[in-house]
1. Which helices (runs of 4 or more DSSP H) sit wholly inside segment 89-207 and have at least 2 residues that are buried (at least 22 other Cβ atoms within 10 Å of the Cβ)?
2. In segment 23-64, how many residues are more than 9 Å from the ligand (Cβ to nearest atom) and either aliphatic (A, V, I, L, M) or on the phi < 0 side of the Ramachandran plot (or both)?
3. Name every residue in segment 217-246 that is surrounded by fewer than 17 Cβ atoms within 10 Å (Cβ to Cβ) and either in contact with an Asp or Glu (Cβ under 7 Å, 6 or more places away or on another chain) or not small (Gly, Ala, Ser) (or both), in order of residue number.
4. If you go through segment 110-133 one residue at a time, do you hit one that is modelled with pLDDT of 90 or more and farther than 29 Å from LEU57 by Cα?
5. Mind checking which pairs have a first residue in segment 198-223 that is without any contact (Cβ under 8 Å) to a residue 60 or more places away in the chain and a second that is within 13 Å of the ligand (Cβ to nearest atom) and among the acidic types (Asp, Glu), Cβ under 8 Å, 6 or more apart or different chains?
6. Could we say that GLY83 is buried (at least 19 other Cβ atoms within 10 Å of the Cβ) and over 30 Å from LEU17 (Cα atoms) here?
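The values are calculated or read from the model by the stated rules, or taken from the named source; none is laboratory data. The structure displayed is predicted, hence computed values, not measured ones. Don't worry about glycine lacking a Cβ; one is built from the backbone with ideal geometry, like all the others, and counts go over all protein chains shown.
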Amino acid sequence: MPAAQLSEKGASAPFYLPQGDECEVFKAAYRGQMPLLLKGPTGCGKTRFVAHMAAVLGRPLYTVACHDDLSAADLIGRYLLKGGETEWVDGPLTRAVREGAICYLDEVVEARKDVTVVLHPLTDDRRMLPIERTGEVLEAGPQFMLVASYNPGYQNILKTLKPSTRQRFLAIDFDFPPPDREIEIVIQETGLAKERVALLVRLAGKLRALKGQDLEEGVSTRLIVYCANLIAGGMPLERAVQVALIEPLSDDADIKQGLRDLVAVVYG
Ligand code: ADP
């Protein structure tokens, strides 16, 4: 089946408000059978974007949250003991290749080194997945797509993508949405009134300005959605801000007091 045959199932896709032309870039990557890397801070909409695009393109989605113990076998599969017999069980990457699905490796830099070895033949024009343990070599069809994400904001020299891996992907740089879009997102996600959301987004902007000085990471869109949800559910504003926008950002008493002072300025 040609890759360009897109089944546009937009109606059932999870809500996603684009920040720019990322939906077009994703579709072009899919049609051109090119892997895609999403760079950006945590909680800015990368996972939602992939879920949305998978639904729009009518492809199943396999999401893998990578962690420092994740190995190639976790992605490819392994022999498991079943009733005295060993049976091969596909991992999510193998399943995605076989089914012509989208495989999303969230925070791919966290994974163990042997994972990149597996990704290399899949992310160049060979589009092959060798399964050493079974001797199979799978060829990815036009509907298979590999998407990976990572957060370049963490200043960890050991946890960055090697150029030889990175240069196999198209890449899109994500950031938190501009205020008017973020307001729209939070309203859509929570139903909270616009004036209240607008103040929360303004507050988030002020908190984000502290990144690099007092805070390692700025407030994510995810946390604003959480905060608005709590408020929409009846929690007093001050408490919702404390548990959703202050405590998740820092453990340091002085910094937290500084954040509370900022809240007082915005809501003063
Ligand atoms: P990431 O994968 O970048 O860590 P997520 O995709 O999980 O972040 O986004 C966190 C939450 O923020 C989502 O569950 C959604 O509520 C909201 N969100 C962020 N950006 C958007 C967007 N552009 N459209 C719709 N929802 C968004």
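1. On the way: elements: 92-99, 114-122, 163-166, 179-190.
Counting at least 2 such residues, we get 92-99, 114-122, 179-190.
2. Total meeting the criteria: 26.
3. Selection gives MET235, PRO236, LEU237, GLU238, ARG239, VAL243.
4. yes
5. Close Cβ pairs (under 8 Å, with a partner that is within 13 Å of the ligand (Cβ to nearest atom) and among the acidic types (Asp, Glu)) amount to VAL201/GLU182; ALA204/GLU182; LYS211/GLU217.
6. No.
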